[in-house]
Each structure stands twice: as C-alpha cells, then as structure tokens.
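See below for the structure under consideration.
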Amino acid sequence: MHVFTYHNPTQIFFGKGQINAARRAIPEKNRVLVLYGGGSVKKNNVLDQVRAALNKHTFAEFGGIEPNPSYETLMSAVELARREKSDYILAVGGGSVIDGAKFVAAAVPFKGADPWSIIEKHTPISKALPISCVLTLPGTGTESNGNLVISHKEKGIKLGYYNHLLYPVFAILDPTATYTLPPKQIGNGIVDAFVHVVEQYMNLCENAIVQDRYAESLMRTLIEVGPQTLKHPLDYESRANFMWAANQALNGLIGVGVTQDWSTHGIGHELTALYGLDHGQSLAAILMQNWQINRKAKHAKLLQYAARVWHLPIVDEEAAITEAMAKTAAFFESMGLKTSLKALGVEAAAADIIPERLQQMGFTALGTRGEVTPYVARQILLASLE
C-alpha cells in the first residue's frame, strides 16, 4: 500500500424522512439556489419537501439540468445565482444535477473570463460556494466526493474534474425518493456503481487487503440487491442497501493506497459525448472487452475477482476468469444494459474517432500502468463492435 491521506468532509443524512434535515443544516442567513433536472422531482414530491424545508430561507430555483449536464445550461444557472446573490447551492436530483451544482459552485465566484477553463485547463480556483444535495438517483457517488463530469456541447467534449473545494457539505439520502425511478435508471445506477468499484479494485495487487475485501463486499451487495430493486420497486431495504453501496463505491475509501484504473471510464465518457449513451451503458458496453484485451496484465486480480466475488472454484485459472467475465456480463444484461457496442448499434467509425480524441486530449496512458494507449483503446472498441 502507498502512503495516503483520506479525508471526506461530507455529512450524510440517511433514511426515510431526512429531507427535512436541510432546514437545520443550511444556515438561514444563506441565499440558496436550488438546482434540479426534469420533472421527476416534482412528480415524486421531493421538490415540495425541499421547498417546505427551506420555507424560512431565501431561495431561487433553476430547473432543466439535463443528463450529462452541459456547460451551456449550467452557465445559465451561474448567471441566475449571480443575479440572486446566491451563496449556497442545493442540488436536488441524481449525479448529473449534483455534478452540475459543483460546476456552478466553482463558476459563480470565478474571476476569469471563461469558467470552462476550470475544467479544460485546470485553471486554479481559490474558493467555491458551499454545496449540498438531496440524492434521487444513486449510482455516481458524486454526493460525497469532489468529482464532476460535464459536457461542452459546442466543443463536443465531456471532461472530468476534481477539486477538494467541491465536496458537498452534506448529502441527504432518502431511499423513498428513488421509488419512482424507471427500471432503466436503476439498471444504469447499479452498473455505474459496480464499475466504480471495479476501476479501483482491478489494481496491481498491492496487498491492500482491507480495500480489496471492502470492494468485494460492495460488488456482492450490488449483485444481490440489483435484481431485488428492479423486481420490487417499493422495497425499502433493497433501495436503502443499493443507495448506500453506491455511495460507498465512490466516496474515496476503497481507492486509497492503491493504483486505480479508470480506463473504462475514460473511453466511456467519449462514447457518451459522441453517441449520447447513458453513462452506465457506456461502461457496460466496453468493460468485458477491456478486461479481455488486458487479460494478461490483470490476470492475478481477475482470478481473485472470480474466486471472491463470484465464488468460482479455481481448478483451471483461465476458465475461471472466462466464467467470471461471462457472469459479470450476464449481471449487466439482467439490469437491462447491453454489453457490446454492436448491440447498441454504434457506428464502426467509433473505433477510429475515439482513440483520436483521446490522443488529442492527452489521454494517452490510461489504466493502472498506462497500458491503455489510444491504440489499445481502439482494440477494445473493435472488440465491442464485433
């Protein structure tokens, strides 16, 4: 294990009825900008609960943040925040809304000409507005980390960013707020959380026993509760365990002290930017192919994954790895996702376009050892298109 520092300042309010916690958690002196996406938070009464919790606060609202939030939409929210003199951001929604809120929080006090430079050029920021969130769609884990991913429509790119200033102050996780989610979004969330764990788990076998065992338990939990959540949409216990597992998958803990991967995400973000694939779906469509192309380098960890996550007997090592990969693909399919780009009808040109874009953006050494070059990314994409 490497030397590391772990710090997560986000307070979690978990459980039924916790939305009202925003009343006491946000000081009344703050001027709040409430951000949300489409109409789901209105239909499921979540937005009304938030409004009731803020009835003693001064607040404005901005809706319409799309899946894969765009810079263009978010800049409209920035303008509203500046007009209203908002000094606190409350995101109500899933990962897209929360990621968008983080960008708004960084952009409002930004003195530069173009806040996009924060993301694209990593222009330093010295402060950000405080952010909190009411989570309605589990999966991304963004409710308790400093990460965000947003798209620039005009430039046709999707980029990630991290800053310690962008950790939410608190996150409200009420499993009942997820009851009205369609099966597609639940499936995406389960797979997204699972691949978050995988990208931190498929490392260099660095004797991080605690992180490995914790990661394995999270994957086993998602495999167990995923089908239950789809089959029984109003089952509180399944929703609660899914929500908590998704949070723990990317709050930073299982990744400390190990060399992480994130090559599947790197390629997946380009698939989303170019072809509009849901984030979870983009990951499901290339993970098996990534493993197969890099099977030799990941042999030891794939073998451990086969034994501990899928409980497969290790008689023939290669056969066990192959079966573990097949079981993973079947799990993703059971969540309603496709496990190849061919099944999704993605154009064959993607195998040429995406590696070129990775090259242009400097993403030339993804993976734990930098083994996923643009050339290797092309091989992964070609395998998924076959």
Quiz item: Residues 241, 207: which one is assigned to a loop (DSSP other than H, G, I, E, B) and either on the phi < 0 side of the Ramachandran plot or surrounded by fewer than 20 Cβ atoms within 10 Å (Cβ to Cβ) (or both)?
Solution: 207
Quiz item: Does segment 253-260 include one or more residues that are modelled with pLDDT under 95, in contact with a His (Cβ under 6 Å, 6 or more places away or on another chain) and either outside any helix (DSSP H, G or I) or of a type in the set (Phe, Trp, Tyr) (or both)?
Solution: yes
Quiz item: Identify, please: which residue in segment 219-236 is outside any helix (DSSP H, G or I) and either in contact with a Lys or Arg (Cβ under 9 Å, 6 or more places away or on another chain) or free of Cβ contacts under 8 Å to residues at least 40 places away in the same chain (or both) and is, among those, farthest from residue 328 (Cα to Cα)?
Solution: 235
Quiz item: Do we find that residue 10 is exposed (fewer than 14 other Cβ atoms within 10 Å of the Cβ) and among the hydroxyl-bearing types (Ser, Thr, Tyr) in this structure?
Solution: no
Self-check item: Where residue 324 falls short, out of the listed (1) free of Cβ contacts under 8 Å to residues at least 24 places away in the same chain; (2) surrounded by 14 or more Cβ atoms within 10 Å (Cβ to Cβ); (3) in a loop (DSSP other than H, G, I, E, B)
Solution: (3)
Quiz item: Does any residue of segment 97-108 turn out to be within 30 Å of residue 253 (Cβ to Cβ), surrounded by fewer than 22 Cβ atoms within 10 Å (Cβ to Cβ), in contact with a strand residue (DSSP E or B) (Cβ under 8 Å, 6 or more places away or on another chain) and in contact (Cβ under 8 Å) with a residue 12 or more places away in the chain?
Solution: no
Quiz item: Take the residues of segment 294-319 that are assigned to a helix (DSSP H, G or I) and under 18 Å from residue 332 (Cβ atoms): which is farthest from the chain's Cα centre (by Cα)?
Solution: 306
Quiz item: Restricting attention to segment 17-31, and to residues there that are in contact with a Ser or Thr (Cβ under 9 Å, 6 or more places away or on another chain) and within 17 Å of residue 143 (Cβ to Cβ), which single residue is surrounded by the most Cβ atoms within 10 Å (Cβ to Cβ)?
Solution: 22
Quiz item: How many residues does segment 80-103 contain that are touching a Lys or Arg at 6+ places or on another chain (Cβ under 9 Å) and of a type in the set (Ser, Thr, Tyr)?
Solution: 2
Exercise. Please specify each residue of segment 172-198 satisfying the condition of being within 13 Å of residue 94 (Cβ to Cβ) and hydroxyl-bearing (Ser, Thr, Tyr).
Key: 178, 180
Quiz prompt | segment 87-110: number of residues that are assigned to a helix (DSSP H, G or I), of a type outside the set (Phe, Trp, Tyr) and over 15 Å from residue 63 (Cβ atoms) | solution = 6
Quiz item: Across segment 293-339, what is the number of residues that are farther than 24 Å from residue 187 by Cβ and of a type in the set (Asp, Glu)?
Solution: 3
Quiz item: In segment 146-157, which residue that is over 10 Å from the mean Cα position of the chain (by Cα) and closer than 30 Å to residue 243 by Cβ is surrounded by the fewest Cβ atoms within 10 Å (Cβ to Cβ)?
Solution: 146
Quiz prompt | From the options 121, 155, 127, residue that is closer than 30 Å to residue 53 by Cα and out of contact with any strand residue (DSSP E or B) (no Cβ under 8 Å at 6 or more places or on another chain) | solution = 127
Quiz item: So which residues in segment 184-216 are under 15 Å from residue 249 (Cβ atoms) and among the basic types (Lys, Arg)?
Solution: 213
Exercise. Considering each residue of segment 351-372, count those that are in contact with a strand residue (DSSP E or B) (Cβ under 8 Å, 6 or more places away or on another chain) and either basic (Lys, Arg) or assigned to a loop (DSSP other than H, G, I, E, B) (or both), and give that number.
Key: 3
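The values are calculated or read from the model by the stated rules, or taken from the named source; none is laboratory data. What you see is a predicted model; the values in this text were computed from it and never measured. Please note: Cβ atoms are built from the backbone with ideal geometry, for glycine as well, and neighbour counts cover all protein chains shown.
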